[in-house]
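A quick write-up on the structure given underneath.
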Amino acid sequence: MKLKFQKIERQTITETIIDQIKEKILQGELKPGQQLPPERVLAETFSVGRTSVREAIRALQYMGVLEVRCGEGTFLTENLSLLSDHFKASYIIRQYSVMELVEARKIIEGETVYLATKRSSKEEKEALKQIFDVAIRVQDDVAAFLKADFAFHKKIAEMSHNSVLQEFFTAMRELTLEENLEVIKKTGQIQKAIAFHEEILHCILLCDPEAARRVMLDHLENIENTVQELTSRHMEQEGGLEKTI
């Protein structure tokens, strides 16, 4: 079966590739367990570089949509029963601004870490510590760190033992993926994230839910401020470009 995709014309190439793959899932052209064409073929079909395809695949892999099997290729995950509705909800939410999404993250993850601190088991706390240790080891690799960062926050969501909060978390992270990539690329931002994660972990291990929530909110406020800074810088650059035209 040969899949037909539209050529990429927008500048947000990675996001566009993700959207088109999602659309194929919604339309039933891509089914659970189905293998995607090789990276080279996808790049040619989309008329984009292989790097953009690789970033899109990596993002969808982090979301749990795709599974990359060593030596075999890239496949859709087998359990897509709730994925279609999740994607439809995501498309609706996209009408809201990035700052509104970051604000929502503060509300959701603040309470999530509070519950996680109160409800998580000793084994879950140890697993979170191991994820944190991985983040420290890969901090010089932006893509690997972003994956570890996602895993850290996702584990906290799981530790809340509230499936609704877990779904909200996944939706928020998916919708702010592009902004997360830009934020984490800022000089010193990975080190700041590690420092916040270490403090959050410390509060969870001490079973102090109030402190864990406070540090999580500080962490997300730092992200919010960085997004605002990057947005303002982008607008200034666009304004300068308009003046030169």
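The values are calculated or read from the model by the stated rules, or taken from the named source; none is laboratory data. What you see is a predicted model, and the numbers here were worked out from it, not measured in a lab. Here the Cβ positions follow ideal geometry from the backbone for every residue, glycine too, while neighbour counts run over all protein chains shown.
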Listing of helices (runs of 4 or more DSSP H) fully contained in segment 34-128 that carry 2 or more residues being out of contact with any Ser or Thr (no Cβ under 9 Å at 6 or more places or on another chain), closer than 29 Å to R213 by Cβ and modelled with pLDDT under 90: 83-93, 98-119
Which of the residues spanning segment 15-33 are at pLDDT 85 or above, in contact with a strand residue (DSSP E or B) (Cβ under 9 Å, 6 or more places away or on another chain) and under 19 Å from R173 (Cβ atoms)? I21
Single residue of segment 140-164 satisfying the filter (under 21 Å from K129 (Cβ atoms) and over 15 Å from the mean Cα position of the chain (by Cα)) that is surrounded by the fewest Cβ atoms within 10 Å (Cβ to Cβ): D140
Does F152 satisfy being of a type in the set (F, W, Y) and at pLDDT below 90? no
Collect the residues in segment 186-210 that are under 17 Å from A127 (Cβ atoms) and part of a helix (DSSP H, G or I), keeping them in residue-number order. H197, E198, I200, L201, H202, C203, I204, L205
